[in-house]
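Structure, as structure tokens:
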């Protein structure tokens, strides 16, 4: 019985020791998701252009004509309006640079694969917060409950109120982090898929029709 009581006390102390780290992590996660939300809004603002398909076709045709005249800088300038992010701009430059290089198909495939991996890495941060936020909220809820129940048993209403307030506050923050991160990752997944589709169209349209298989 004494051993069981000692283990329970040890577990209580360990859980209580995590109180400050969990609260700090929740605040840090909230700050990060708000920063990511701001970057996401800026990203959406840059993408608010009409007739995307028409722009892709026109830019690709202009770049193809410039490459036919051996003017790679002009081809890059023609494609830059399609860039909705820094990594997409870099990929477009790499696609044009690979035009007169040996192993053009492999180089283009590598550029597209690198863009896809970069997009996935960016999505991973939001997807992690989708799980990380509610997990922190749950931990931040359960940790103060033990002191709250202890205060209830001792008739200490102030201790009970303080711990319950902290528990519910962290719960709200954790759910907010998860909801915002889920929304960002959901929309970004679609946007990056559209970017990859545009890049694949550019790859297919850079070569003149007679040079295509």
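The values are calculated or read from the model by the stated rules, or taken from the named source; none is laboratory data. What you are looking at is a predicted structure, and each value in this text was computed from that prediction instead of being measured. Neighbour counts are summed over all protein chains in view; Cβ atoms, including those assigned to glycine, are modelled from backbone coordinates with ideal geometry.
Quick look at the values:
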quantity	calculated
Criterion: in contact with a helix residue (DSSP H, G or I) (Cβ under 9 Å, 6 or more places away or on another chain), touching a residue at least 24 places away in the same chain (Cβ under 8 Å), buried (at least 19 other Cβ atoms within 10 Å of the Cβ) and farther than 17 Å from residue 26 by Cα - qualifying residue of 143, 184	184
Residues satisfying the stated conditions in the range 74-83, i.e. without any contact (Cβ under 8 Å) to a residue 24 or more places away in the chain, touching a helix residue (DSSP H, G or I) at 6+ places or on another chain (Cβ under 7 Å) and in a helix (DSSP H, G or I)	74, 76, 78, 80
Within the range 84-191, helices (runs of 4 or more DSSP H) holding 2 or more residues that are closer than 30 Å to residue 72 by Cβ, modelled with pLDDT under 90 and within 17 Å of the chain's Cα centre (by Cα)	86-97, 104-142
Residue among 152, 79 that is surrounded by fewer than 18 Cβ atoms within 10 Å (Cβ to Cβ) and out of contact with any strand residue (DSSP E or B) (no Cβ under 7 Å at 6 or more places or on another chain)	152
All helices (runs of 4 or more DSSP H) inside the range 1-73 with 1 or more residues being within 17 Å of the chain's Cα centre (by Cα), modelled with pLDDT under 85 and surrounded by 13 or more Cβ atoms within 10 Å (Cβ to Cβ)	19-46
Some residue of the range 91-113 being in contact (Cβ under 8 Å) with a residue 60 or more places away in the chain and over 12 Å from residue 203 (Cβ atoms)	no
Failed item, numbered, when residue 135 is tested on (1) farther than 30 Å from residue 66 by Cβ; (2) touching a residue at least 12 places away in the same chain (Cβ under 8 Å); (3) in contact with a helix residue (DSSP H, G or I) (Cβ under 6 Å, 6 or more places away or on another chain)	(3)
